[in-house]
Amino acid sequence: MKLTNLILPVVALGAAAVLLTPGSSDGYSTIGGSLSQTQRDFRTYNNFTDAAANDNQVAHSQFPGAQGAVMAIWKASVEWGSELHGDGTGDAHQSTSLGSGGANFDVSHQGEATGVGTANGNVHSELSGSSGGVLAFTETPISDGWRIRYYSGWTWHDGPGTSISGIDLQGVACHEYGHALGLGHSTTGSATMYPSVSGSGVVQRSIATDDQNGVQAIYGVKSASKPRITGVTTNSGQITITGTGFDSANNQIWFTQKAQGGNGTPIKVTGLSSNGTTITASIPSAAGPGDVLVRRNSTAHSGLSNSFPSDLAGGGGGTGGAPVISVVTPSSIEAVVVDGPASITLTGTDFTGTNKVSVDGVPLTLFPPQFSIPNDNTLIFNMPFVSKLGTVTIDVTNTHGTTQSTIQLLANASTTVELKNSLPGFLIQGLGLQTVLGGQVGDIVILAASPDLLPTSLPGIVNLAIGNNYSSLFILNTSVIPSSGYANVTIPMTGLPIGLSIHTQGAGLSLSSGFSLPASGSNVQSGTILF
């Protein structure tokens, strides 16, 4: 395995002498090999830890079903395409000219991967740590695939604007994908394939003449016989593609796979006939929003068309419109879930391409991920703490609209204690002892803690599982459960030894029983001091 990387200007000159092998008057170089039709797919494993890498949650018609880092890397890849990607819009740096390669080369966006994959899995992902001035690298040789890694030591930004504080993910991805398609570094300073970024890397988003010469040298100047898509329409589960250069028989339509996962292989409909300018087919249920391509009856580079965006509205799987929520499971939950959060599953159609989920009007975050879409018919999210009991609204939004459903939030039937630890099972003193107390509205909850899991009993008053008969029992807080059904309580912690286990339990006095004794003991929650 070889690594081809992109570095900051501080080390660019030292690397250039050994990395570049330019030819004649051109600055570009090649690393040997090319991507066959079977290697045109790419996916993104969206494990980018910077919030800025997934800031962009605004849908764009030319990149249906994608946001954040996934959209930025998709834009970077189609810049190398044979011609404009759709109408060429989507990038503020090149407002109407995205797609500039002019070669017999186009890519097949296959959505999100569920892991970093192997060195030949054609996946973009983040890699923890840093390596000097190296921003990212591409694992080669490319004949059987590639992998691109981005060091987490840098602050990655997904745009889409051009004022970037950090490193522009799209610009760096464009450079790295140039390696994946067979290019080495260039000696031309204005080229995307120059071995260091300029400023934040935004200018690397748009390939230069030298880059175009390089990709055309590998794949050939775009052939007049290359299939070309000029329009896509969908209706009642059918897709009609118009364009030029389609064969009379044995054409294929390639689709982006629906939802996450897969192995990167496009969803294909094969054996299609055409009059040369029109192809019609049923949309497979496994296909989702993304790009479509037409492959004529040829394995040559010139046998595959340009990538053309389509949200497949009216296509397979559902209606291709706004999400439809049929069932919410469970339909009701208590406000405080021990060892939560509770996992809620929505069943319905057209969840692919969801760009926003909100509960009680509060959006869930994409990173850290608070919702996932395993397939077009399923959406799963972690139930957050919300502002009220009773009927709580759930809103699911994609580019076609928003659909609303509800879940019933109930007050806890008995006193409940939940530790809100950033690391399950551990406590960090600087964050304090963060607890959530649940019970019936108006209940009084006395929060106690102890290092001992030995019981404390005062007959007729309270029975607790901690405290060793009051010898090590500490009363931390007294709270009244408000109308939301839960109370947040944080107790400062300082000077405690690392490794100490702390056990917490609540004693509840119920309003409905007139605060009669004995007080009810809650569940026990435990954590160990990490630092």
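The values are calculated or read from the model by the stated rules, or taken from the named source; none is laboratory data. Keep in mind it's a predicted model, so treat the numbers as computed, not measured. As a convention, Cβ positions derive from the backbone with ideal geometry for all residues, glycine included, and neighbour counts pool all protein chains shown.
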Test each condition in (1) in a loop (DSSP other than H, G, I, E, B); (2) not assigned by TED's automatic domain parsing to the domain that holds Gln39 for Val232 and report the one that comes out false.
(1)
Does region 24-76 hold any residues that are among the aromatic types (Phe, Trp, Tyr) and part of a loop (DSSP other than H, G, I, E, B), and which are they?
Tyr28, Tyr45, Phe48, Phe63
For region 456-492, how many residues meet the condition of being surrounded by 15 or more Cβ atoms within 10 Å (Cβ to Cβ), β-branched (Val, Ile, Thr) and outside any strand (DSSP E or B)?
2
Every listed condition ((1) of a type outside the set (Lys, Arg); (2) modelled with pLDDT of 95 or more; (3) at positive phi) holds for Met71 save (3)
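Quick one: is Asp247 touching a Pro at 6+ places or on another chain (Cβ under 6 Å) and not assigned by TED's automatic domain parsing to the domain that holds Pro64?
On the way: touching a Pro at 6+ places or on another chain (Cβ under 6 Å): no; not assigned by TED's automatic domain parsing to the domain that holds Pro64: yes.
No; evaluated as a whole, the condition is false for this residue.
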Part of a strand (DSSP E or B), in contact (Cβ under 8 Å) with a residue 40 or more places away in the chain and under 29 Å from the mean Cα position of the chain (by Cα): does that describe Thr402?
yes
Whether any residue in region 277-295 is in a strand (DSSP E or B), at pLDDT 95 or above, closer than 24 Å to Glu83 by Cβ and hydroxyl-bearing (Ser, Thr, Tyr) is what I want to check.
yes
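Among the residues of region 89-105, write down those that are part of a loop (DSSP other than H, G, I, E, B) and in contact with a His (Cβ under 9 Å, 6 or more places away or on another chain). Lay out the reasoning, then the answer.
Kept after step one, since they are part of a loop (DSSP other than H, G, I, E, B), are these residues of region 89-105: 89-102, 104-105.
Residues satisfying the conditions are Thr89, Gly90, Leu98, Gly99, Asn104, Phe105.
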When you check Ser510 against the structure, is it of a type in the set (S, T, N, Q), farther than 23 Å from Pro459 by Cα and in contact (Cβ under 8 Å) with a residue 24 or more places away in the chain, yes or no?
no
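In region 167-189, what count of residues is obtained for those that are part of a loop (DSSP other than H, G, I, E, B) and in contact with a helix residue (DSSP H, G or I) (Cβ under 6 Å, 6 or more places away or on another chain)? Before you say what the answer is, go through the steps one by one.
Taking region 167-189 first, the residues part of a loop (DSSP other than H, G, I, E, B) are 181-182, 184-189.
This time we only want the ones that are in contact with a helix residue (DSSP H, G or I) (Cβ under 6 Å, 6 or more places away or on another chain), so: 182, 185-186, 188.
Residues in region 167-189 being part of a loop (DSSP other than H, G, I, E, B) and in contact with a helix residue (DSSP H, G or I) (Cβ under 6 Å, 6 or more places away or on another chain): 4 in total.
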Some residue of region 485-508 being over 28 Å from Gly430 (Cβ atoms), over 44 Å from the mean Cα position of the chain (by Cα) and modelled with pLDDT under 95:
no
When you check Gly184 against the structure, is it surrounded by fewer than 24 Cβ atoms within 10 Å (Cβ to Cβ) and either touching a Gly at 6+ places or on another chain (Cβ under 6 Å) or touching a residue at least 12 places away in the same chain (Cβ under 8 Å) (or both), yes or no?
yes
Count of residues meeting criterion [in a strand (DSSP E or B) and either within 14 Å of the chain's Cα centre (by Cα) or in contact (Cβ under 8 Å) with a residue 12 or more places away in the chain (or both)] in region 361-384
11
Across (1) modelled with pLDDT of 95 or more; (2) assigned by TED's automatic domain parsing to the domain that holds Thr265; (3) crowded, with 17+ Cβ neighbours inside 10 Å; (4) not small (Gly, Ala, Ser), Val359 clears everything bar (2)
For region 113-150, enumerate the residues that are among the acidic types (Asp, Glu) and modelled with pLDDT of 95 or more.
Glu126, Glu139
Do the conditions hold for Leu431, that is, is it within 24 Å of Ile529 (Cα to Cα), surrounded by fewer than 21 Cβ atoms within 10 Å (Cβ to Cβ), aliphatic (A, V, I, L, M) and in the same structural domain as Leu496 (by TED's automatic domain parsing)?
yes
Working only within region 374-400, note down all residues that are modelled with pLDDT under 85 and either closer than 29 Å to Ala411 by Cα or surrounded by 17 or more Cβ atoms within 10 Å (Cβ to Cβ) (or both).
Asp376, Asn377, Asn398, Thr399, His400
All-but-one check, Asp211 against (1) modelled with pLDDT under 95; (2) at negative phi; (3) surrounded by 21 or more Cβ atoms within 10 Å (Cβ to Cβ), failing number (1)
Filter region 412-427 down to residues that are buried (at least 21 other Cβ atoms within 10 Å of the Cβ) and not in a strand (DSSP E or B) and give me whichever is farthest from the chain's Cα centre (by Cα).
Thr415
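For (1) more than 20 Å from Gly201 (Cα to Cα); (2) surrounded by fewer than 20 Cβ atoms within 10 Å (Cβ to Cβ), each residue gets a yes or a no:
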position: Gly86; (1), (2): yes, no
position: Ser95; (1), (2): no, yes
position: Gly101; (1), (2): no, no
position: Ser108; (1), (2): yes, no
position: Thr114; (1), (2): yes, yes
position: Asn122; (1), (2): yes, no
position: Ile142; (1), (2): yes, no
position: Gly145; (1), (2): yes, no
